[in-house]
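Data block below; observations after.
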Amino acid sequence: MNSLFPKEKITFTVPDASIEYYPDFFDKARATELFGKLRDEIPWQQDQITVYGKTHFQPRLTALFGNEGKSYAYSNVVMQPHNWNPLLMFIKNELEESCHENFTTVLLNLYRDGKDSNGWHADNERELGRNPVIASLSFGAERTFHLQHNSLKDQKLKINLEHGSLLLMKGATQHFWKHQIAKTAKPIGPRINLTFRIIK
């Protein structure tokens, strides 16, 4: 059990944000086991999204799990949650014990290869409330997480999200920063990302 955070913690000192990174939240053996189970057991789907008036399929697969049927909407997509399963409850309990939050919802993303991506956005939907806590777990291939301040254009971050890692974004981060997972031409394997959040 991760009753306390792992010893290695990276805190990024940037304006208008609270961002922490834990490279080995799950050790590599456990992370590999969880990756396989998530890949095989989650009911992945591919939704259409509308961005700047154009509708197209998302360049990744997704799934939503959560409490009490609370839907989650973004980019004109309204996702209805599946009920928590034992696999996700295990991960949720490990996470909550460490960061002392009670998450209601997890949005899962499966990036099948380097062509799959997630464009610039912030997790600032109204139902997340003010200063939401976003806990992002990564399994599988390492991908680069880009952050950019909304008004201070010289304020940028790149974080390599490793297999088994946790990225915590808290405070005003979602109000002042946006983030993305960009496409890459490099040959790269699949990555699964779990973003836990609290829907008010």
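The values are calculated or read from the model by the stated rules, or taken from the named source; none is laboratory data. What you see is a predicted model, and the numbers here were worked out from it, not measured in a lab. Note that we place each Cβ from the backbone using ideal geometry, even for glycine, and neighbour counts take in every protein chain shown. Remember, those area values only see protein heavy atoms, side chains included, never the ligands or the DNA or RNA. Shrake-Rupley method; radii C 1.70, N 1.55, O 1.52, S 1.80 Å.
Numbers below:
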read-out: Packing-based ranking, highest mean first, of 60-69, 76-85, 35-44 given that Cβ atoms within 10 Å are counted; value: 60-69, 35-44, 76-85
read-out: Gaussian network model of the chain, Cα within-10 Å springs - most flexible of TYR22, TYR72, TYR52; value: TYR52
read-out: D_trans [Stokes-Einstein, Kirkwood Rh over alpha-carbon pairs] for the chain, 4 °C, 1.567 mPa s, µm² s⁻¹; value: 75
read-out: Centre separation in Å (Cα based) which lies between the stretch 12-45 and the stretch 149-200; value: 11
read-out: Candidates SER136, SER98, SER151, ranked by Gaussian network fluctuation over the chain, Cα under 10 Å, top entry; value: SER151
read-out: Under 15 Å, Cβ to Cβ, from ASN67 - net charge with Lys/Arg +1 and Asp/Glu -1; value: 0
read-out: Carbon and sulfur %, accessible surface of the chain computed with the full protein complex present, 1.4 Å; value: 51
read-out: Structure-based [θ]222 nm, the chain - -39500 (n - 2.57) summed over DSSP H runs of at least 4, per residue, nearest 500; value: -5000 deg cm²/dmol
read-out: Proximal aspartates and glutamates to LYS183, defined as alpha-carbon separation beneath 13 angstrom and excluding residues fewer than eight positions away on the same chain; value: ASP113, ASP116, GLU142
read-out: Convex hull projection area averaged over all views, the stretch 1-103, Cα basis, nm²; value: 8.9
read-out: Under 20 Å from the Cα of LYS170 - lysines, other chains or at least 8 residues apart; value: LYS7, LYS9, LYS92, LYS156, LYS158, LYS178, LYS200
